[in-house]
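The values are calculated or read from the model by the stated rules, or taken from the named source; none is laboratory data. Small disclaimer: the values here were computed from a predicted structure and weren't measured. Every residue, glycine among them, receives a Cβ derived from its backbone with ideal geometry; neighbour counts consider all protein chains shown.
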């Protein structure tokens with residue numbers, strides 16, 4: 001772990017520079033930015049720390065690379081901490097990730113208590129994380145909250161689809177999660193039983209200023225892609241189906257390959273499409289190379305399928321590839337949100353997405369793309385064929401896709417909710433945020449009880465104390 005003030009630890013990280021948020025005006029409008037500015041004024045110079053497990057690779061790291069500069073551009077002292085981890089640590093936390101997403105696999109007490117908790121202990125002994133609000137992302141650093149070295153209002157943010165989480169791993173993590181003051185989930189169905197803290201629904205977002213999300217002409221995109229296309233002998237004139245994600249068991253790249261092979265059997269004569277699957281490895285995902293080899297085996301000797309791994313100039317290549325594709329496919333078996341779906345839609349191409357996790361929030365079936373079951377290869381093949389053969393449908397869906405992202409999933413819209421949450425936990429506002437999902441919780445009731453000087457309470461005193469926490473509590477609910 002690092003501390004950006006002392007700069008003496010191995011994973012030292014220089015804070016990202018603030019961005020001029022007026023640059024977002026063409027995307028969300030002046031009124032929306034003025035609203036965010038006004039909300040952020042009381043948070044000037046307040047410290048908002050974020051903790052995760054990697055600087056690069058994966059959606060959380062990409063999101064924080066934009067979140068930190070935006071918050072600093074508002075005058076908030078946003079900081080980014082990354083935990084150090086051994087190979088064993090990332091192996092066991094990958095198992096946590098899989099188990100939380102419903103994959104049954106063995107995990108030992110040795111892994112939990114040695115590979116996980118011992119590394120958490122080492123990290124928290126090295127440095128204290130101090131902030132007015134601290135957001136801890138995903139299971140990797142979750143247990144840090146119990147070590148007494150995090151100071152401030154703490155929020156746990158879960159980017160994983162936990163709707164079918166393994167009971168045993170959820171029960172292990174639950175005591176740590178319940179030590180936080182609140183938890184953020186992408187969708188209500190991800191919230192599990194026995195959470196005794198407030199829960200909030202906040203969708204991830206894309207940054208329209210990132211090179212990946214720049215909207216290019218076809219000529220501009222092909223210029224960016226020329227080195228890659230030359231290296232892999234790709235013909236840009238052929239119809240193209242594209243998929244971009246980490247090589248991960250849940251991303252179902254093998255299902256995409258099977259569907260593409262099936263589709264080719266029924267295409268009109270003269271149409272000769274290619275499938276491009278592109279992905280990066282992440283430092284906190286030791287299974288990536290194993291899955292990549294499995295996907296290569298599934299592709300076999302099919303010369304119409306191209307697998308790209310850790311391509312240079314990644315962001316510009318991804319954005320350019322999306323912008324010239326005929327359709328984008330993301331048929332995950334589990335998905336917290338699938339931010340790459342919004343990235344593809346922002347480039348104006350229709351998406352074939354699985355109806356799992358946060359993907360249905362983005363893909364409106366029959367309007368800007370199609371939703372399918374992740375294992376329905378015949379249906380996926382039919383929809384691929386439809387988008388390849390029907391340019392009119394492809395164009396109309398692509399325009400609708402871009403509009404949907406512009407209205408719902410751009411960075412300023414997410415930061416507005418983060419700022420509202422920070423204002424609430426710092427008691428600048430007393431009203432519950434409107435994106436809160438649960439009612440009054442055990443933690444809030446106990447805080448109400450122990451915050452009063454005199455004991456015992458009368459019933460009327462208790463009612464007043466609890467009702468002051470949430471304005472939506474109806475009189476008479478506490479007897």
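Could you list, in sequence order, the residues of region 73-85 that are touching a strand residue (DSSP E or B) at 6+ places or on another chain (Cβ under 9 Å) and either farther than 20 Å from residue 202 by Cα or crowded, with 22+ Cβ neighbours inside 10 Å (or both)?
If the condition is that a residue be touching a strand residue (DSSP E or B) at 6+ places or on another chain (Cβ under 9 Å) and either farther than 20 Å from residue 202 by Cα or crowded, with 22+ Cβ neighbours inside 10 Å (or both), then 76, 77, 78, 79, 81, 82, 83 are the ones that fit.
Applying the selection to region 430-451, what residues are surrounded by fewer than 16 Cβ atoms within 10 Å (Cβ to Cβ) and closer than 19 Å to residue 134 by Cβ?
The answer is 447, and nothing else.
Could you please find all residues in region 64-80 being out of contact with any helix residue (DSSP H, G or I) (no Cβ under 9 Å at 6 or more places or on another chain) and either within 21 Å of residue 246 (Cα to Cα) or in contact (Cβ under 8 Å) with a residue 60 or more places away in the chain (or both)?
Within region 64-80, 64, 65 qualify.
List the number of the failed condition for residue 49; all other conditions in (1) assigned to a helix (DSSP H, G or I); (2) at pLDDT 90 or above; (3) out of contact with any helix residue (DSSP H, G or I) (no Cβ under 8 Å at 6 or more places or on another chain); (4) buried (at least 18 other Cβ atoms within 10 Å of the Cβ) hold.
Only one criterion is unmet by residue 49, namely (1).
Select the strands (runs of 3 or more DSSP E) contained entirely in region 118-223, then report the ones holding at least 3 residues which are at pLDDT below 95.
The strands (runs of 3 or more DSSP E) meeting that bar are 129-137, 150-157.
Looking at (1) in contact with a helix residue (DSSP H, G or I) (Cβ under 6 Å, 6 or more places away or on another chain); (2) free of Cβ contacts under 8 Å to residues at least 24 places away in the same chain, which one does residue 118 not meet, given that it meets all the others?
For residue 118, the failing item is (1).
Spot the failing condition for residue 288; the list is (1) touching a helix residue (DSSP H, G or I) at 6+ places or on another chain (Cβ under 9 Å); (2) modelled with pLDDT under 95, and only one is missed.
That leaves (1) as the condition not met.
For region 322-412, give me every one of the strands (runs of 3 or more DSSP E) that falls completely inside it and has 3 or more residues that are over 22 Å from residue 63 (Cβ atoms) and modelled with pLDDT of 95 or more.
Filter on region 322-412 gives 369-372.
Only residues that are touching a residue at least 40 places away in the same chain (Cβ under 8 Å) and in contact with a strand residue (DSSP E or B) (Cβ under 6 Å, 6 or more places away or on another chain): list them for region 29-63, please.
The answer is 46, 47, 48, 49, 50, 51, 52, 55, 60.
Residues of region 300-321 being closer than 24 Å to residue 398 by Cα, modelled with pLDDT under 95 and touching a helix residue (DSSP H, G or I) at 6+ places or on another chain (Cβ under 6 Å), which ones?
Residue satisfying the conditions is 315 alone.
Kindly evaluate residue 153 against the criterion of being surrounded by 18 or more Cβ atoms within 10 Å (Cβ to Cβ), touching a helix residue (DSSP H, G or I) at 6+ places or on another chain (Cβ under 6 Å) and within 30 Å of residue 313 (Cα to Cα).
no
For region 462-476, does any single residue satisfy the condition of being within 20 Å of the chain's Cα centre (by Cα) and either over 18 Å from residue 28 (Cα atoms) or modelled with pLDDT of 55 or more (or both)?
no
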